[in-house]
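Right, one structure below, let's go through it.
The values are calculated or read from the model by the stated rules, or taken from the named source; none is laboratory data. Only a predicted model underlies this, so the values are computations on that prediction, with no experimental measurement involved. Backbone-built Cβ (ideal geometry, glycine too); neighbour counts: all protein chains shown. Ligands, DNA and RNA are stripped out before the accessible areas are found, and what is left, the full protein with its side chains, is counted by its heavy atoms. Shrake-Rupley method; radii C 1.70, N 1.55, O 1.52, S 1.80 Å.
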Amino acid sequence: MSRLVVVSNRVAVPGESRAGGLAVALEAALKEHGGLWFGWSGKTSRDRSGELHEQASGDVRYLTMDLSRADLDAYYNGFANRTLWPLLHFRLDLVDYDRKTREGYARVNALFAEKLAPRLKDDDIVWIHDYHLIPMASMLRERGIGCRIGFFLHVPMPSSDLLAAMPNHSRLFSSLYAYDLVGFQTQRDVERFQDYVRLFGGGEVLKGGTLQAPGGRRFCAASFPISIDTEHIAAQSRAAINKSAVRGLRASLDGRDLAIGVDRLDYSKGLPERFRGFERYLESHRDQKGSLTYLQIAPVSRGDVSEYRKLRNELEQISGHINGAHAQPDWTPLRYVNRNFAHATLTGFYRAAKVGLVTPLRDGMNLVAKEFVAAQDPEDPGVLVLSLLAGAAYELREALLVNPHDYDGVADAIAIAATMPKEKRIERWQAMMEHLRANDIGAWRRRYLEALEKT
Ligand SMILES: O=P(O)(O)OC[C@H]1O[C@H](O[C@H]2O[C@H](CO)[C@@H](O)[C@H](O)[C@H]2O)[C@H](O)[C@@H](O)[C@@H]1O
Ligand SMILES: O=c1ccn([C@@H]2O[C@H](COP(=O)(O)OP(=O)(O)O)[C@@H](O)[C@H]2O)c(=O)[nH]1
C-alpha cells in the first residue's frame, strides 16, 4: 500500500483542540489509514520560517513547520484569509488584493514544497488541502516530484465571473492543473470550476468530465462531499450525558427547550443574520415566547484579521440589543459564548437541543450540521434548521431548509422546529442518519483516494 501524505495549513497535532472542520475531518481520516500529516505548526518564530517539528501518534506521523510573523501575516492573515477566503465565499465586497501578500503566499507555498520534496518517495500519494496551498503541486512538480498529487477544496468554488475579478487570477487558478485530481464538496462546485477552466482558464472540458490544460495535460475534477465519523459521534453523544458541562447546561434550562448554534466567529457563517432571525421569531411567535433558549457558541477565529474583529463587535451589539429588549427577570433568550469547546462536549450539547441552527451565507460543507444530526437521541431527536447555501444542504434534504437572508423564513422555521410532533421528527432524522451512516468520513477518504489512484 502506498504511503499517504496529507498536507494542510491547519494540522490537528495531538492535544490541539482548535475549532475547524478540516482538522476534525482529516484527523478522523488519517487515524483510519495512517500516514504523514504535514503543515503549519500553529506557531510563529521570531526570525525565519522553516523550523520543523516531528512527532508520532499511532500510525500517524506529524511534521509541522513554524512560520515567521511576517510570513504568517502575508500568507495566512493576508492572501489566504483577506483575499481568497472572501472571494471563494462570494464576497467580492470584502476582498483585499495586495501584491505583497500574494508574494508572501507564494513564498510560503514554495517553502512548504521545499521542505516536503526531499521526504517524498515515488510511490507516495500526496493529498493537499484547501485554498492556503493551491500552487503547492506545481511547486513540487518544479522540484521533480512525479508521484500522484491530489487536491481537495474545502470551501465553495464561486462563479467563474467572481474568480475572474481577481487580479492575476489565472496565474493562481491554473496552478490547479498540476494536480491529478481536484476534489470539491458538491457537484455545483465542480460545474463552476469547469466553467472557469473553459471560459477564463484557457482549458477544455472533455467528454466524461476530464479536463485538459492549455499545454495538453489532462486531469480530473469531481465532487466528494466531506463527512463525519457518524457512529463515533453518536456514541460520544450518548456518553456525554455524564459530562458536568452537559449536565450543567441541561439543568440551567429550567424545563425550557434549547436551540443551539456552533460556528467559528466568521462572517461566512451568517451570525448577525441568524440573530436577527431569532429576534424576528421572538417578535412574531409570541405564543412561544419564553419556551426556547438559544445558545450560540462562537469561538473567536482569525482574530488578527480586521473583518473578523469588526464582526465580533457587531455581534456583541446585536446580542445585547436582543436580550435587552426580550429578557425577563428569570430568562435570557440568547446566550452568546465566545469559547472553544471540546468536540465530545459539543456532542452532548447537540443532543440536549430541540433545534439546531446552521444558517451560513455560504459554506463549503458545514460539519456542524452533520454532527448535530448524528448526536441526536433516536427516540426523541431534535430538528435541524439548515441554510440552502451550505454544501450540507445538498445531502441533508430532510432538514428545514431556509434562506439565511430571509429573517421571516428563519423565524418560522425555528417555530416549526420547536413544535414539530415527535413522529415527524423521527421520520426526518432517520432519513438523514441513514445517509450519514452510508456516507461517513471513511467513505469520503476511500472514494477520494480510489479516484486519485485511478487517475
Ligand atoms: O484553520 P482556520 O483558519 O482556523 O479555519 C478553520 C477551517 O475553516 C474552513 O473549514 C472548511 O472545511 C470544512 C471541512 O471540509 C467545511 O465543512 C467548511 O464548510 C469549510 O469552511 C477552512 O476551509 C479550513 O481550511 C480551516 O482549517
Ligand atoms: O467550540 C468548538 C466549535 C467547533 N468545533 C468543531 O469545529 C468544526 C467546525 O467545522 P465546520 O465544517 O462546521 O466549519 P468550519 O469551521 O470548518 O468552517 C466542527 O467539527 C465542530 O464540532 C469544536 O470542536 N469546538
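Per-structure values
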item: Of all accessible heavy-atom area on the range 52-122, the percent that carbon and sulfur account for (1.4 Å); result: 45 percent
item: Efficiency of FRET from Cβ geometry, Glu450 and Glu231, R₀ 35 Å, rounded to 0.05; result: 0.95
item: 30 Å Cα-Cα reach of Lys100 towards lysines, excluding residues that sit fewer than 8 places from it in its own chain; result: Lys43, Lys115, Lys269, Lys310
item: Cβ-Cβ FRET estimate between Ser159 and Glu103, R0 fixed at 25 Å, reported to 0.05; result: 0.40
item: Segments 293-301, 369-377, 333-341 sorted - mean Cβ within 10 Å per residue, highest first; result: 369-377, 293-301, 333-341
item: Separation between Cα centres of the range 54-68 and the range 215-242, rounded to whole Å; result: 22 Å
item: Surface share of carbon and sulfur [accessible, 1.4 angstrom probe, percent] for the range 230-438; result: 46 percent
item: Between the range 303-347 and the range 402-452, the Cα center-to-center distance that results, in Å; result: 24 Å
item: Probe 1.4 Å, protein heavy atoms only - accessible area per residue of the chain in square angstrom; result: 41 Å²
item: Calculated diffusion of the range 152-227, Stokes-Einstein form, Kirkwood radius summed over Cα pairs, 10 °C and 1.306 mPa s, µm²/s; result: 129 µm²/s
item: Pairwise FRET efficiency - Glu114 versus Ser57, Cβ, R0 = 22 Å, nearest 0.05; result: 0.30
item: Alpha-carbon gyration tensor eigenvalues x 5, square-rooted, for the chain, Å; result: 38, 23, 22
item: Share of carbon and sulfur in the accessible heavy-atom surface of the range 139-223 [1.4 Å probe, %]; result: 45 percent
item: The range 164-197-the range 95-146 distance, computed between alpha-carbon centres (Å); result: 16 Å
item: Computed label-point distance, nm, for sites Gln212 and Asn313 using a 7 Å Cα→Cβ extension; result: 5.4 nm
item: Mean Cβ neighbour count within 10 Å, used as a protection proxy, ranking 354-362, 172-180 highest first; result: 354-362, 172-180
item: Range of Cα positions in the range 230-438 per principal axis (Å), largest first; result: 41, 37, 34
